[in-house]
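To start, the structure itself, in structure tokens.
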Amino acid sequence: MKLTRLLELHRQNLGAQDLAGNFGDSILVRNNLIYRKIRASSLQAGFTFSCEPNTAYIALPFAQLENILASKNIPYVNNVTVIEKVVAQLKDDVVWDDISDGLRKNFVFHESCHAVARSFASPGNAEAIKSKALRILMEESFANTCEFLAVADAEDASHRIFFELNSYTALFEEKTNIKNAIRDCGFDCVFKIMWLAYLHSNYLHAHLDEKQWHRCLAIAGADSLPASQSKVLKALKAISKIAFTLDPRFRLVTTRFHFKLNGISMSPQEILNFDILAEDSIHNFLSSAFQVFAD
């Protein structure tokens with residue numbers, strides 16, 4: 001796709017809530033439901049965005065999450081100005097593939113999901129180590145779920161380009177499966193199932209066993225589906241398995257590092273030996289989370 005066309009799309013859709021310096025932000029706010037809802041909720045929660053140089057975030061972003069949430073300021077890199085200069089120089093003689101591998105991505109979507117989740121997280125006893133760990137992993141799972149489900153709206157090439165540029169993961173191959181699951185089970189149910197699956201994945205589980213799966217179905221309200229809907233449940237279980245494809249090193253090493261930054265010392269065994277679904281805070285979290293996407 002011509003870079004001039006992508007720049008034109010970015011410019012012509014700019015609105016009051018959009019980041020002019022974040023390439024494709026305006027398209028995603030306009031055309032991606034989850035991206036738009038997260039933007040509105042993050043602003044409502046008092047968060048702002050800045051493209052002022054933030055060397056700590058550029059150098060080691062995973063270490064800056066708590067600083068971002070405390071300051072309520074989400075950093076990003078202005079990756080539009082350089083594109084404007086390239087287009088001015090080469091005009092129509094440059095396409096997206098010419099720069100896609102080298103252009104700096106932004107993760108305001110992922111960080112905004114953390115911001116929104118922090119605004120309504122209810123971890124229970126905030127002093128308890130396991131409660132603090134649960135809050136952190138609930139928030140991360142919320143961001144994982146939002147990125148995963150948001151690909152459902154990526155209907156054309158420009159949307160896919162902009163989404164991939166603004167996300168950690170972009171599993172476009174799952175778009176049809178996600179849309180079918182939402183059609184058959186409802187957004188509420190699919191969101192809850194995926195969040196619960198990602199939560200177990202972030203807690204280092206390799207999969208949901210049968211007992212966990214049926215408990216998750218009950219929490220999501222999917223256990224009331226009639227037996228005739230067995231194909232629907234099978235499809236729902238199939239997409240839930242995507243949550244367990246998260247990078248194992250990220251789940252283990254990066255999560256442990258984040259725990260250390262928050263004064264949490266837990267072994268993988270301690271993380272695994274925790275009945276997540278018995279915690280009241282996950283029900284409170286889900287109730288608040290779904291309100292973000294309510295019309």
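The values are calculated or read from the model by the stated rules, or taken from the named source; none is laboratory data. What you see is a predicted model, and the numbers here were worked out from it, not measured in a lab. Don't worry about glycine lacking a Cβ; one is built from the backbone with ideal geometry, like all the others, and counts go over all protein chains shown. Side chains are part of the model used for accessible areas, which takes the heavy atoms of the whole protein and leaves out ligands, DNA and RNA. Shrake-Rupley method; radii C 1.70, N 1.55, O 1.52, S 1.80 Å.
The condition of being open to solvent by 50 Å² or more (accessible area, probe 1.4 Å), farther than 19 Å from G21 by Cα and hydrophobic (A, V, I, L, M, F, W, C) holds for only one of I129, I136, I58, that being I129. If only residues of region 272-295 that are of a type in the set (G, A, S) and closer than 27 Å to I38 by Cβ are counted, the one that is surrounded by the fewest Cβ atoms within 10 Å (Cβ to Cβ) is A294. Of everything in region 139-191 that's open to solvent by 20 Å² or more (accessible area, probe 1.4 Å) and among the β-branched types (V, I, T), which residue is farthest from R104 (Cα to Cα)? Only one residue tops the list, namely I182.
Among the residues of region 213-232, are any hydrophobic (A, V, I, L, M, F, W, C) and open to solvent by 70 Å² or more (accessible area, probe 1.4 Å)? Give the steps one after another, and end with the answer.
Taking region 213-232 and keeping what is hydrophobic (A, V, I, L, M, F, W, C), we get 213, 216-220, 222, 225, 227, 232.
Those left that are additionally open to solvent by 70 Å² or more (accessible area, probe 1.4 Å): 227.
There is at least one residue in region 213-232 that is hydrophobic (A, V, I, L, M, F, W, C) and open to solvent by 70 Å² or more (accessible area, probe 1.4 Å).
From the list L199, L149, which residue is closer than 30 Å to L9 by Cα, within 13 Å of the chain's Cα centre (by Cα) and among the aliphatic types (A, V, I, L, M)? Spell out how you get there, then give the answer.
Numbers: L199 fails: closer than 30 Å to L9 by Cα.
After applying the criteria, what remains is L149.
Restricting attention to region 261-271 and to residues that are out of contact with any Lys or Arg (no Cβ under 7 Å at 6 or more places or on another chain) and surrounded by 12 or more Cβ atoms within 10 Å (Cβ to Cβ), the residue that is modelled with the highest pLDDT turns out to be L261. K72 fulfils the conditions (1) charged (D, E, K, R); (2) within 30 Å of F274 (Cα to Cα); (3) in contact with a Gly (Cβ under 8 Å, 6 or more places away or on another chain) except for a single criterion, (2). The residues of region 64-91 that are part of a loop (DSSP other than H, G, I, E, B), within 12 Å of F49 (Cα to Cα) and aliphatic (A, V, I, L, M) amount to a single one, V77.
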